[in-house]
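First up is the structure itself, then whatever we jot down about it.
The values are calculated or read from the model by the stated rules, or taken from the named source; none is laboratory data. All values reported here derive from a predicted model rather than from experimental measurement. When we count neighbours, we look across all protein chains shown, and the Cβ atoms used for this are built from the backbone with ideal geometry, even at glycine. Areas reflect the complete protein model, heavy atoms only, side chains present, ligands, DNA and RNA absent. Shrake-Rupley method; radii C 1.70, N 1.55, O 1.52, S 1.80 Å.
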Amino acid sequence: MMAKLILTLDGAVIREYEIDKDSISIGRKHGNDIQLNDLTISGRHALITIMGEHTYVDDLGSTNGTLLNGARIAKSQLGHGDTIQTGNYQFTFFCEENNDYEPTMFIRAEIEDTQIIDTSSASIIKKGERLAAVRILNGPMAKKVLELRKPFNTLGFNGHKLAMISRNIDGYSISTIKTAHTKKPDECPLLNQHPINHDSTTLNDRDILELAGTQMEFFYLY
């Protein structure tokens with residue numbers, strides 16, 4: 001089976017790229033093998049290379065960095081299921097036979113562009129505030145960590161937003177997002193095995209979230 005990269009944005013699968021040559025460049029400028037129109041991505045941002053039986057990702061001195069499973073890297077070997085983030089886009093590396101990816105399992109947190117943040121209120125995140133993340137516990141993305149750095153972080157599947165985690169000076173809270181895609185009981189987000197209502201609910205360290213069968217642990221990084 002040829003290794004491939006699965007490109008996602010806002011939880012939706014955009015395209016598959018087979019790694020069918022020794023190197024694949026990723027960046028904003030023309031001439032890259034994978035060109036992404038995103039101002040947070042550098043002209044030549046990252047490089048995927050095959051050396052023998054192993055595949056590597058290299059950051060090419062990008063301004064905003066390249067993340068591998070949530071950690072900033074310069075060069076690192078890739079393993080099946082690893083997630084690479086460049087700007088607002090994510091690539092998931094698949095290389096194992098009989099281990100097809102499930103598009104519904106892709107999760108990422110995004111700021112709500114429609115939200116207005118009142119700069120005069122106490123909701124502004126100050127430097128030094130505690131940072132939290134979620135760790136996926138099951139499925140093909142198990143053990144992957146997603147940092148919750150933004151004031152509003154949405155979680156969902158196939159582009160459908162199911163819940164929003166908000167960050168403020170007091171910590172984090174979660175609420176569901178009411179859509180036509182969450183009418184069925186088994187699709188409602190759960191917090192510690194209990195349905196989450198639409199009102200904001202405070203999150204505590206080591207809480208367990210479940211969205212459409214995917215479990216994840218909320219925890220503080222510091």
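Residue pairs whose Cβ atoms lie under 6 Å apart, separated by 6 or more positions or on different chains, with the first residue in the range 21-49 and farther than 18 Å from residue 67 by Cα and charged (D, E, K, R) and the second at pLDDT below 95 and surrounded by 14 or more Cβ atoms within 10 Å (Cβ to Cβ), are 22/50. Of everything in the range 202-222 that is without any contact (Cβ under 8 Å) to a residue 60 or more places away in the chain and buried (at least 16 other Cβ atoms within 10 Å of the Cβ), the residue that is nearest to the chain's Cα centre (by Cα) is 210. Criterion applied to 67, 78 was being under 30 Å from residue 168 (Cβ atoms) and modelled with pLDDT of 90 or more, and the one residue passing it is 67.
Considering only residues that are out of contact with any Phe, Trp or Tyr (no Cβ under 8 Å at 6 or more places or on another chain), under 22 Å from residue 9 (Cα atoms) and not hydroxyl-bearing (Ser, Thr, Tyr), which ones fall in the range 58-84? Spell out how you get there, then give the answer.
The first filter runs over the range 58-84 and keeps only residues out of contact with any Phe, Trp or Tyr (no Cβ under 8 Å at 6 or more places or on another chain), leaving 58-74.
Applying the additional criterion that residues be under 22 Å from residue 9 (Cα atoms) yields 58-60, 62-73.
Once the filter is applied, which keeps residues that are out of contact with any Phe, Trp or Tyr (no Cβ under 8 Å at 6 or more places or on another chain), under 22 Å from residue 9 (Cα atoms) and not hydroxyl-bearing (Ser, Thr, Tyr), the range 58-84 yields 58, 59, 60, 64, 65, 67, 68, 69, 70, 71, 72, 73.
When the strands (runs of 3 or more DSSP E) confined to the range 1-75 are screened for residues that are open to solvent by 80 Å² or more (accessible area, probe 1.4 Å) and closer than 27 Å to residue 149 by Cβ, those reaching at least 2 such residues are found at 12-18. Taking every residue in the range 115-143 that is more than 19 Å from residue 203 (Cα to Cα) and pairing it with any residue that is modelled with pLDDT of 70 or more and among the hydroxyl-bearing types (Ser, Thr, Tyr), at least 6 positions away or on another chain, the pairs with Cβ-Cβ distances below 7 Å are 138/214; 139/214.
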